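The values are calculated or read from the model by the stated rules, or taken from the named source; none is laboratory data. Source: prediction; values computed, not measured. Positions of Cβ are generated from backbone atoms using ideal geometry, with glycine treated the same way; all protein chains shown enter the neighbour counts.
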Amino acid sequence: MKKFFSFTAGLILSLGLSQTTGLAWDYEGHRMVNQLAIASLPTNFPSFVFVPEYRERIAFLAGEPDRWRNTSDLTLQHFNGTDHYMDLEDLTSAYGMDPHNLSRFRYEFTGQLALARAAHPEKFPAIEPGKNNDHSREVLGFIPWAIEENFSKLKSGFSYLKTFKENGGTPAEIANAQANIVYIMGILGHYVGDAAQPLHTTKHHHGWVGENPNGYSTDMKIHSWIDGGYFQKVGGISLKETEKFIHPAQLVSLAYPKEKTGDTFGIITEYLLESHKLVEPLYQMEKAGKLSGEGEVGLQGKIFLTGQLVKGGQMLGNLWYTAWQQAPTDTFLKSQLAKRNLANNEKEKKP
């Protein structure tokens, strides 16, 4: 509790006095999450990541999955759109699944959803015609899988980079491996940032739906207001000031010690559930005027939302660091490089 108090008090002081430069969770907010994650990395992290061009590339790529959403191509909408969220209430109430015991395999989980719908069709109202053009309304969202899968891609990238460096990879191969790693780091950051925004974890993503005894907002614009409108209203936040609340990156299993070592998917799910706990407090803040951006009361939401950006940046830095630390040698690539090196040596021996 003391640590939380110092964090919150520091945010109040810093954000209240500093010049504001960034926005959130629109493009500038996602960019900030990636920049905060870079700030968490230790100095012995692979140095190419800190090259200015690559730092900028990682920050730019934070917005890439949202740019994919701008397409009119329904197949890309179908593939990409559901990776940004998960409606956790429906997971438990309609499908009867425990979020702590989800399959880490996306397609296995999708099959389980289909079986549940077939077994209890009465629990699933018919989808209105014209509102399912991308054929995604039958699922709940796949954000924990999007994070886990991109984390695995990043670990693979570090694996083959390590193998190229240690086993005679060419400068071009090493440079390409580094570029691939930067790309995946940036893309992964988007989904980790989304998961830090509580409205990406709930069926109440665009206003409260269903029974509403507390009179929470049903305005569909609440999501865009949280994603960016609020920060635009209050002038944004300072990256320089917010970086002060980022701690050195560590293995995610250390950040979540109650989870099993190596159970990255379980840790990611726990991260999502922690964000989900803040859905109703977020609506309560909106109802109380703390997210209006007007007056002293209306600025109180700034501390809350900035804290979520910090959580996203910290989790992302931890995932990057873990992928690097846990990356094994790519044994197949190593064997292929050994064959190539042997062939090259034989050529050099010939007169």
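Go through Lys260, Lys311, Lys290 for me and flag whichever is over 16 Å from the mean Cα position of the chain (by Cα) and either among the small types (Gly, Ala, Ser) or at pLDDT 95 or above (or both).
Numbers: Lys260 fails: either among the small types (Gly, Ala, Ser) or at pLDDT 95 or above (or both); Lys311 fails: over 16 Å from the mean Cα position of the chain (by Cα).
Only one candidate qualifies: Lys290.
Please state which of the following conditions His100 fails to meet, knowing it meets all the rest: (1) at pLDDT 95 or above; (2) under 23 Å from Asn318 (Cα atoms).
In the conditions (1) at pLDDT 95 or above; (2) under 23 Å from Asn318 (Cα atoms), His100 misses (1) alone.
Can you tell me which of Val279, Val192 is surrounded by 21 or more Cβ atoms within 10 Å (Cβ to Cβ), at pLDDT 95 or above, in contact with a Pro (Cβ under 7 Å, 6 or more places away or on another chain) and under 30 Å from Arg104 (Cβ atoms)?
Exactly one residue qualifies, and that residue is Val279.
Of everything in the stretch 49-67, what is among the aromatic types (Phe, Trp, Tyr) and surrounded by 18 or more Cβ atoms within 10 Å (Cβ to Cβ)? Give them in sequence order.
Narrowing the stretch 49-67 to residues among the aromatic types (Phe, Trp, Tyr): 50, 54, 60.
If the condition is that a residue be among the aromatic types (Phe, Trp, Tyr) and surrounded by 18 or more Cβ atoms within 10 Å (Cβ to Cβ), then Tyr54 is the only one that fits.
Could you give me the residue pairs with C-beta distances under 8 Å whose first residue belongs to the stretch 312-326 and is farther than 18 Å from His84 by Cα, whose second residue is assigned to a helix (DSSP H, G or I) and hydroxyl-bearing (Ser, Thr, Tyr) wherever it lies, and which are 6+ apart or on separate chains?
Once the first residue is farther than 18 Å from His84 by Cα and sits in the stretch 312-326, its partners that are assigned to a helix (DSSP H, G or I) and hydroxyl-bearing (Ser, Thr, Tyr) give Gln314/Ser40; Gly317/Ser40; Asn318/Ser40; Tyr321/Ser40; Thr322/Ser253; Thr322/Thr264.
For the condition closer than 18 Å to Leu272 by Cα and either assigned to a helix (DSSP H, G or I) or of a type outside the set (A, V, I, L, M) (or both), what is the one hit in Gly130, Gly81, Gly111? Show your work before the answer.
Values: Gly130 fails: closer than 18 Å to Leu272 by Cα; Gly111 fails: closer than 18 Å to Leu272 by Cα.
Unique residue meeting the criteria: Gly81.
Out of the residues in the stretch 235-260 that are among the β-branched types (Val, Ile, Thr) and surrounded by 20 or more Cβ atoms within 10 Å (Cβ to Cβ), which is farthest from Gly293 (Cα to Cα)?
Pass one, the stretch 235-260, residues among the β-branched types (Val, Ile, Thr): 237, 242, 246, 252.
From what is left, the residues that are surrounded by 20 or more Cβ atoms within 10 Å (Cβ to Cβ) are 237, 242, 252.
Numbers: Ile237: 13, Thr242: 19, Val252: 34 Å.
If we take residues in the stretch 235-260 being among the β-branched types (Val, Ile, Thr) and surrounded by 20 or more Cβ atoms within 10 Å (Cβ to Cβ), then Val252 is farthest from Gly293 (Cα to Cα).
Test Phe158 against the stated conditions and say whether it is modelled with pLDDT of 95 or more, under 30 Å from Arg57 (Cα atoms), of a type in the set (Phe, Trp, Tyr) and assigned to a helix (DSSP H, G or I).
Numbers: modelled with pLDDT of 95 or more: yes; under 30 Å from Arg57 (Cα atoms): yes; of a type in the set (Phe, Trp, Tyr): yes; assigned to a helix (DSSP H, G or I): yes.
Yes.
Identify the residue in the stretch 217-234 that is over 19 Å from the mean Cα position of the chain (by Cα) and aliphatic (A, V, I, L, M) and, among all such residues, is surrounded by the fewest Cβ atoms within 10 Å (Cβ to Cβ). Lay out the reasoning, then the answer.
Taking the stretch 217-234 and keeping what is over 19 Å from the mean Cα position of the chain (by Cα), we get 217-222, 225, 229-234.
Still in the list and also aliphatic (A, V, I, L, M): 220, 222, 234.
Values: Met220: 10, Ile222: 23, Val234: 20.
For the stretch 217-234, the residue satisfying everything is Met220.
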